[in-house]
Amino acid sequence: MDERALHRLIGTIIDPERLADDCAVIPCGDLLAVASTDMLHETTDFPAGMTDWQVGWMAVAVTLSDIASMGATPGEVLLAVGLDRPERLFDIMEGARDCCAAFGAEIVGGDLDAHRELTIVSTGLGTVAPEHLVRRRGVRPNDVIAVTGPLGEAQAALAGYDRHRKELLEPQPRVAEGEVLGRAGVSAMMDISDGLALSLHDLLAVNDRGFAVETARLPLPAGVPEDEARELALYGGGDFELLFSAPPAIFPIPGVEAHIIGKVIPERVVLADGKPLERRGYLHEWSG
Ligand SMILES: Nc1ncnc2c1ncn2[C@@H]1O[C@H](COP(=O)(O)OP(=O)(O)OP(=O)(O)O)[C@@H](O)[C@H]1O
Ligand SMILES: Cc1ncc(C[n+]2csc(CCOP(=O)(O)O)c2C)c(N)n1
Ligand SMILES: [Mg+2]
Ligand SMILES: [Mg+2]
Ligand SMILES: [Mg+2]
């Protein structure tokens with residue numbers, strides 16, 4: 001059983017449309033509010049050697065990335081911290097505050113608790129004009145698909161390529177890029193928190209068309225042998241680049257490093273170099 005299977009279960013309890021995007025979308029006067037919440041744990045999300053400041057930074061970054069993926073502007077963050085040791089709190093809060101400040105957000109609340117394993121839940125709110133909102137659903141027949149930067153760097157660092165440790169430990173959510181892409185009229189978007197292959201399958205699940213990726217076009221992590229780099233780019237998690245579809249005519253997009261990696265196809269499948277791409281990546285799983 002993995003988290004995507006459990007999502008289908010949730011979809012029998014709440015409106016499954018609510019599960020179709022990186023954020024919840026809530027009417028808010030003339031604007032739309034978007035909201036995301038993400039839980040991170042020491043053993044699965046905070047690699048050994050990470051500082052507490054980086055823990056706080058990452059907890060906020062993952063949430064701002066979901067807000068960016070909707071084309072929205074982040075506003076407020078609430079941080080709930082389940083602390084194993086009280087002396088960790090100050091640095092965690094500083095890291096969280098600094099990440100907010102770097103992307104125009106503010107910590108406005110949260111919660112504190114004692115917990116055996118350090119566990120942080122970061123909740124972010126943002127706003128967007130209705131005409132600039134981008135959802136995961138929306139790919140159109142002649143669109144290409146693109147990403148905002150190199151894939152597989154975080155996983156490369158976990159594999160021992162230390163030059164990518166900063167990308168792993170201090171991910172940079174593509175906030176400015178998300179806003180620009182929303183205004184530029186991209187047709188569908190999400191962030192790649194769990195790897196490109198899994199993200200393409202997530203997009204497939206809510207669209208009526210498929211995707212054909214050319215692996216030679218993937219922006220790869222530097223300093224890694226090419227075969228391994230391609231594997232990391234397809235299946236590694238923790239990068240937080242944006243994945244989007246758009247008509248070819250909108251490129252180049254000023255202010256956005258966009259790499260076209262493939263195109264939308266009529267068949268509802270995900271292909272890499274013409275062959276079905278495995279639905280594999282960074283997935284939380286339960287045994288039994
Ligand atoms: N327990 C839950 N109850 C209700 N909605 C949920 C629950 N878990 C996830 N969702 C919703 O499902 C959608 C997808 O969530 P998911 O966590 O897979 O995406 P994500 O945050 O982009 O990915 P990641 O957790 O890897 O960062 C979101 O709209 C989220 O609000
Ligand atoms: C041990 C370890 N493995 C991978 C990563 C990279 N990483 C950070 S958050 C995340 C996914 C989103 O989390 P979630 O799906 O839990 O919301 C990933 C893959 C890491 N920091 N540490
Ligand atoms: Mg996401
Ligand atoms: Mg998330
Ligand atoms: Mg999530």
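Restricting attention to region 159-171, which residues are within 16 Å of ligand 1 (Cβ to nearest atom) and open to solvent by 40 Å² or more (accessible area, probe 1.4 Å)? Let's see the steps before the verdict.
Within region 159-171, the subset within 16 Å of ligand 1 (Cβ to nearest atom) is 168, 171.
Those that are within 16 Å of ligand 1 (Cβ to nearest atom) and open to solvent by 40 Å² or more (accessible area, probe 1.4 Å): none in region 159-171.
Return yes or no: is residue 87 in contact (Cβ under 8 Å) with a residue 40 or more places away in the chain and either basic (Lys, Arg) or not in a strand (DSSP E or B) (or both)?
Numbers: in contact (Cβ under 8 Å) with a residue 40 or more places away in the chain: no; either basic (Lys, Arg) or not in a strand (DSSP E or B) (or both): yes.
Judged against the criteria, residue 87 is not a match.
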Residue pairs qualifying under the 7 Å Cβ cut-off, at least six apart or on distinct chains, with the first in region 41-68 being farther than 15 Å from residue 120 by Cα and of a type in the set (A, V, I, L, M) and the second being away from ligand 5 (no atom under 16 Å from the Cβ) and open to solvent by 50 Å² or more (accessible area, probe 1.4 Å), are 68/174
A careful count of residues in region 7-32 that are under 26 Å from residue 119 (Cα atoms) and touching a residue at least 40 places away in the same chain (Cβ under 8 Å) gives 5
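Is it the case that some residue within region 71-85 is more than 11 Å from ligand 1 (Cβ to nearest atom), of a type in the set (S, T, N, Q), modelled with pLDDT of 95 or more and over 25 Å from residue 180 (Cα atoms)?
To start, the set of residues in region 71-85 that are more than 11 Å from ligand 1 (Cβ to nearest atom) comprises 71-85.
If we keep only those that are of a type in the set (S, T, N, Q) as well, we get 73.
Those still in the list that are modelled with pLDDT of 95 or more too: 73.
With the extra rule that they be over 25 Å from residue 180 (Cα atoms), the set shrinks to none.
No, because not a single residue in region 71-85 is more than 11 Å from ligand 1 (Cβ to nearest atom), of a type in the set (S, T, N, Q), modelled with pLDDT of 95 or more and over 25 Å from residue 180 (Cα atoms).
Consider residue 61 carefully, then state whether it is more than 18 Å from the chain's Cα centre (by Cα) and either at pLDDT below 95 or aliphatic (A, V, I, L, M) (or both).
Values: more than 18 Å from the chain's Cα centre (by Cα): no; either at pLDDT below 95 or aliphatic (A, V, I, L, M) (or both): yes.
Here the answer is no, as residue 61 does not meet what is asked.
Can you tell me how many residues in region 90-115 are outside any loop (DSSP other than H, G, I, E, B) and open to solvent by 40 Å² or more (accessible area, probe 1.4 Å)?
16
Just to verify a result, which residue in region 251-288, among those that are part of a strand (DSSP E or B) and open to solvent by less than 30 Å² (accessible area, probe 1.4 Å), is nearest to ligand 5 (Cβ to nearest atom)? Walk me through how you get there before you give the answer.
Pass one, region 251-288, residues part of a strand (DSSP E or B): 259-265, 270-272, 275-276, 285.
From what is left, the residues that are open to solvent by less than 30 Å² (accessible area, probe 1.4 Å) are 261-262, 264-265, 270, 272.
Details: 261: 23, 262: 25, 264: 25, 265: 28, 270: 21, 272: 25 Å.
This residue is 270.
Specify the residue that is nearest to ligand 2 (Cβ to nearest atom); the eligible residues are those in region 27-42 that are open to solvent by 60 Å² or more (accessible area, probe 1.4 Å) and under 20 Å from the mean Cα position of the chain (by Cα). Please lay out each step first, then the result.
At the first step, the residues of region 27-42 found to be open to solvent by 60 Å² or more (accessible area, probe 1.4 Å) are 27-31, 37, 39.
If we keep only those that are under 20 Å from the mean Cα position of the chain (by Cα) as well, we get 37, 39.
Details: 37: 10, 39: 7 Å.
Looking at residues that are open to solvent by 60 Å² or more (accessible area, probe 1.4 Å) and under 20 Å from the mean Cα position of the chain (by Cα), I get 39.
Considering only region 74-89, state which residues are open to solvent by 60 Å² or more (accessible area, probe 1.4 Å) and hydrophobic (A, V, I, L, M, F, W, C). Steps first, answer last, please.
Kept after step one, since they are open to solvent by 60 Å² or more (accessible area, probe 1.4 Å), are these residues of region 74-89: 76, 78, 85-87.
Scanning region 74-89 gives a single hit, 78.
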Residues in region 43-73 that are open to solvent by 10 Å² or more (accessible area, probe 1.4 Å), outside any loop (DSSP other than H, G, I, E, B) and more than 14 Å from ligand 4 (Cβ to nearest atom) total 6
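The values are calculated or read from the model by the stated rules, or taken from the named source; none is laboratory data. Here the structure is a predicted model, which is why all the values come from computation and not from measurement. Reconstructed Cβ throughout: ideal geometry from the backbone, glycine too, with neighbour counts over all protein chains shown. Side chains are part of the model used for accessible areas, which takes the heavy atoms of the whole protein and leaves out ligands, DNA and RNA. Shrake-Rupley method; radii C 1.70, N 1.55, O 1.52, S 1.80 Å.
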